[in-house]
Amino acid sequence: MNVQTIGVVGAGQMGNGIAQVAAGVGYKVIMVDIAQAALDKGMATISGSADRLIKKEKMTEAEKKTLLGNITTATDMSALKACDLIIEAATENVDLKLKIFKQLDEIAKPGALLATNTSSISVTKIAAVTKRPELVCGMHFMNPVPLMLLVEGIRGMQTSDETFKAVRAVAEKMGKTFIEGRDMPGFVVNRILMPMINEAFFALYEGLADAKSIDEAMKLGTNQPMGPLQLADFVGLDTCLAITNVLYDGLGDSKYRPCPLLIKYVEAGWYGRKVGRGVYQY
């Protein structure tokens, strides 16, 4: 499975990050989103990220030009029909992802690999809506993609060894460390991370300390670079709640029950940094 052209579905913070790292190592990338404004914003984000790398002397102007030249954009999914690998990076919503994979299965050429960047949803379930389930797997990149070194590789029950080997090779070419996790709710990272974030919300909800103190306690007491509430704002509180619900529904254990305060923040539209208001104001 020789991957040369990669499609990315979604131009948001995960999608444009995946497009950037893929294009940066020489892959031809086609980034698709339903809105041209989202594509324009995504390309501006990639350009700004490259500028910061230039400032840190980790990239040259010539390398930035090549990177940007490797990316084309489109609002029509049919633009992905020649891709060897298509990575879905849409919102963490199971119905949306199933809909996208049904579309991709119709559009993608025979033999093309389909990967999902889901952080918690069953890869087996996603693969089952296609006629090529053996060519579907999970590639869970971390945010921000250009800086974070991990990719969680997740096999669906149907994923072939050849498919998994191919996506591992792609991730490693991107400079990522690839670890294999089981197709269980939350996989590895979020199975551990989201209960910690949810518990931080319970600590705030129950008045153990204010938000800043909770974050400072975890930063200084456990040597984390970012406190759990600040991290939740960075991830997106809507995403945190969605993943926590996947854990709660998928595992049926009350310890994964979403904190009522987290639910209220999401109901208020306070999703975090991306909207200017979450636990903190930005």
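Each reported figure results from applying straightforward, stated rules to the coordinates on display, with no laboratory input. Here the structure is a predicted model, which is why all the values come from computation and not from measurement. A quick note on method: Cβ atoms are made from the backbone with ideal geometry, for glycine too, and the neighbour counts reach across all protein chains shown.
Checking the Cα-Cα distances for Lys56/Lys176; Lys58/Lys81; Lys97/Lys219; Lys55/Lys264; Lys41/Lys176; Lys28/Lys176 against a 29 Å cut-off, the pairs over it are Lys58/Lys81; Lys97/Lys219; Lys55/Lys264. Computed over the chain, the per-residue total of -39500 (n - 2.57) for DSSP H runs of n ≥ 4 gives a 222 nm mean residue ellipticity of -15000 deg cm²/dmol, rounded to 500. Projected label points at Asp253 and Lys212, each 7 Å from Cα along the beta carbon direction, are separated by 3.6 nanometres.
Anisotropy class assigned to the stretch 115-178 is oblate, per the alpha carbon gyration tensor with a/c at or over the 1.5 cut-off and a/b no larger than b/c. Extension gain, Met142 to Ala128, is 2.6 nm, computed as 0.36 nm per intervening residue step minus the present C-alpha separation.
Less than 18 Å from a label point 7 Å out along the Cα-to-Cβ axis of Asp51: which backbone N atoms in the stretch 20-34 qualify, by residue? From the stretch 20-34, the list is 20.
Please list, in order, the residues from the stretch 174-210 whose amide nitrogen is less than 19 Å from a point placed 7 Å along the Cα→Cβ vector of Leu261. Under cut-off, by backbone N: 193-210.
For the chain, averaging the sequence separation of C-alpha pairs within contact (under 8 Å, six or more residues apart) and dividing by the residue count gives a relative contact order of 14 percent.
When each of Arg257, Arg277 is scored by the number of other beta-carbon atoms lying within 10 Å, the sequence from fewest to most is Arg257, Arg277. Just to be sure I understand the model, the point goes 7 Å from the Cα along the line to the Cβ. What's the resulting Lys165 to Lys102 distance in nm? Result: 3.4 nm between the two label points.
The alpha carbon centroids of the stretch 19-96 and the stretch 134-192 are separated by 19 Å.
Straight-distance candidates among the aspartates and glutamates for linking to Lys125, with alpha-carbon spacing under 17 Å and chain neighbours fewer than 8 residues away dropped: Glu88, Glu92, Asp95, Asp105, Glu134, Asp183, Asp249.
Computed packing ranks the peptides 152-164, 78-90, 11-23, 263-275 as 11-23, 78-90, 152-164, 263-275, most packed first, by mean other Cβ atoms within 10 Å.
Residues of the stretch 135-156 falling in the label zone of Glu180, defined by backbone nitrogen less than 12 Å from a point 7 Å along Cα to beta-carbon, are 153-156.
Given axes a ≥ b ≥ c from the Cα gyration tensor, I'd like to know whether the stretch 191-274 is rounded (a/c under 1.5), prolate (a/b larger than b/c) or oblate. It is prolate, given that a/c is not under 1.5 and a/b is the larger ratio.
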